[in-house]
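Student: Mind looking over this structure? Questions follow.
The values are calculated or read from the model by the stated rules, or taken from the named source; none is laboratory data. Quantities reported herein were computed from a predicted structural model and do not represent experimental measurements. Please note: Cβ atoms are built from the backbone with ideal geometry, for glycine as well, and neighbour counts cover all protein chains shown. Only protein heavy atoms, including side chains, enter the accessible area calculation; ligands, DNA and RNA are left aside. Shrake-Rupley method; radii C 1.70, N 1.55, O 1.52, S 1.80 Å.
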Amino acid sequence: MSKTPLTVAGAEKLRAELHHLKTVERPNVIAAIAEARSHGDLSENAEYDAAKEKQGFVEGRIQEVEAKLSNAQVVDPLTLDADGRCVFGATVDLEDQDSGDQVTYQIVGEDEADIKKGKISYVSPLARAVIGKYAGDLVQVQTPGGIREYEILDVRYQ
């Protein structure tokens, strides 16, 4: 399996989630199962069933996060010799050539993408169009509404 790129912030967020799952959620579920067991007959114990179901979810999420971290290639754009090029992890300011609207996006891993926070996945059409380009370049992006043209105003590495 090939490595999946992840920003430094994205990797930290996953590590924090993993720590929370192992140190808070897992012990809470174990305590809930013990409490439910103390009520006696497990065949008709809804609390026990719910606690076991939550345990399955927590353990599954722990495995998922551990797999993502073990398969991650953490990329810090500050350490790359990008020379002004748009690369993974870079923050790019764009201007829509039709409307004149300006937008700012950071190019991140698929799990980190959140358009409301200005983070787009490196596999998105817009990110694929700007990666490798420089400030001042024009790029065309195929969108559901047709082809849009953007000018790259600035590329920053944070």
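Okay, residues lined up against (1) touching a residue at least 12 places away in the same chain (Cβ under 8 Å); (2) out of contact with any Pro (no Cβ under 9 Å at 6 or more places or on another chain); (3) of a type outside the set (Gly, Ala, Ser); (4) over 14 Å from THR7 (Cα atoms):
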position: LYS116; (1), (2), (3), (4): no, yes, yes, yes
position: SER121; (1), (2), (3), (4): yes, yes, no, no
position: ASP137; (1), (2), (3), (4): yes, yes, yes, yes
position: VAL155; (1), (2), (3), (4): yes, yes, yes, yes
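Student: May I ask you to list the residues in the range 17-46 that are part of a helix (DSSP H, G or I) and in contact with a helix residue (DSSP H, G or I) (Cβ under 7 Å, 6 or more places away or on another chain)?
Tutor: Step one: filter the range 17-46 for residues part of a helix (DSSP H, G or I), giving 17-37, 46.
Residues satisfying the conditions are GLU17, LEU18, LEU21, LYS22, GLU25, ARG26, VAL29, ALA32, ILE33, ALA36, ARG37.
Student: Mind checking which pairs have a first residue in the range 57-82 that is more than 20 Å from ASN28 (Cα to Cα) and a second that is of a type in the set (D, E, K, R) and exposed (fewer than 12 other Cβ atoms within 10 Å of the Cβ), Cβ under 7 Å, 6 or more apart or different chains?
Tutor: So the pair list comes out as ASN71/LYS3; ALA72/LYS3; GLN73/LYS3.
Student: Taking interchain pairs and intrachain pairs at least six residues apart, which have beta carbon atoms under 9 angstrom, with the first residue in the range 24-35 and more than 18 Å from ILE62 (Cα to Cα) and of a type outside the set (A, V, I, L, M, F, W, C) and the second open to solvent by 60 Å² or more (accessible area, probe 1.4 Å) and in a helix (DSSP H, G or I)?
Tutor: GLU35/GLU47
Student: For the range 74-109: of the residues being surrounded by fewer than 12 Cβ atoms within 10 Å (Cβ to Cβ) and assigned to a helix (DSSP H, G or I), which is modelled with the lowest pLDDT?
Tutor: Within the range 74-109, the subset surrounded by fewer than 12 Cβ atoms within 10 Å (Cβ to Cβ) is 78-79, 81, 83, 98-101.
Then drop every residue that is not assigned to a helix (DSSP H, G or I), which leaves 78-79.
Details: LEU78: 77, THR79: 80.
Among residues in the range 74-109 that are surrounded by fewer than 12 Cβ atoms within 10 Å (Cβ to Cβ) and assigned to a helix (DSSP H, G or I), the one modelled with the lowest pLDDT is LEU78.
Student: Kindly establish whether ILE62 is of a type in the set (A, V, I, L, M), open to solvent by 80 Å² or more (accessible area, probe 1.4 Å) and in a helix (DSSP H, G or I). Before the answer, list the steps.
Tutor: Values: of a type in the set (A, V, I, L, M): yes; open to solvent by 80 Å² or more (accessible area, probe 1.4 Å): no; in a helix (DSSP H, G or I): yes.
The answer is no for ILE62.
Student: Could you list, in sequence order, the residues of the range 110-158 that are open to solvent by 80 Å² or more (accessible area, probe 1.4 Å), over 15 Å from GLY89 (Cα atoms) and among the aliphatic types (A, V, I, L, M)?
Tutor: Answer for the range 110-158, where residues must be open to solvent by 80 Å² or more (accessible area, probe 1.4 Å), over 15 Å from GLY89 (Cα atoms) and among the aliphatic types (A, V, I, L, M): LEU138, ILE147.
Student: Do we find a residue being open to solvent by less than 50 Å² (accessible area, probe 1.4 Å) and within 16 Å of the chain's Cα centre (by Cα) anywhere in the range 23-46?
Tutor: Restricting attention to the range 23-46, the residues satisfying the condition of being open to solvent by less than 50 Å² (accessible area, probe 1.4 Å) are 25, 29, 32-33, 36, 40, 45.
Restricting the remaining residues to those that are within 16 Å of the chain's Cα centre (by Cα) gives none.
No, because not a single residue in the range 23-46 is open to solvent by less than 50 Å² (accessible area, probe 1.4 Å) and within 16 Å of the chain's Cα centre (by Cα).
Student: Another question, if that's okay. State yes or no: is LYS52 charged (D, E, K, R) and surrounded by 15 or more Cβ atoms within 10 Å (Cβ to Cβ)? Spell out how you get there, then give the answer.
Tutor: Working: charged (D, E, K, R): yes; surrounded by 15 or more Cβ atoms within 10 Å (Cβ to Cβ): yes.
So LYS52 fits the description; yes.
Quick grid of which residues meet (1) within 27 Å of LYS68 (Cβ to Cβ); (2) in contact with a helix residue (DSSP H, G or I) (Cβ under 6 Å, 6 or more places away or on another chain); (3) assigned to a loop (DSSP other than H, G, I, E, B):
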site	(1), (2), (3)
GLU112	yes, yes, yes
VAL123	yes, no, yes
ARG128	yes, no, no
TYR134	no, no, yes
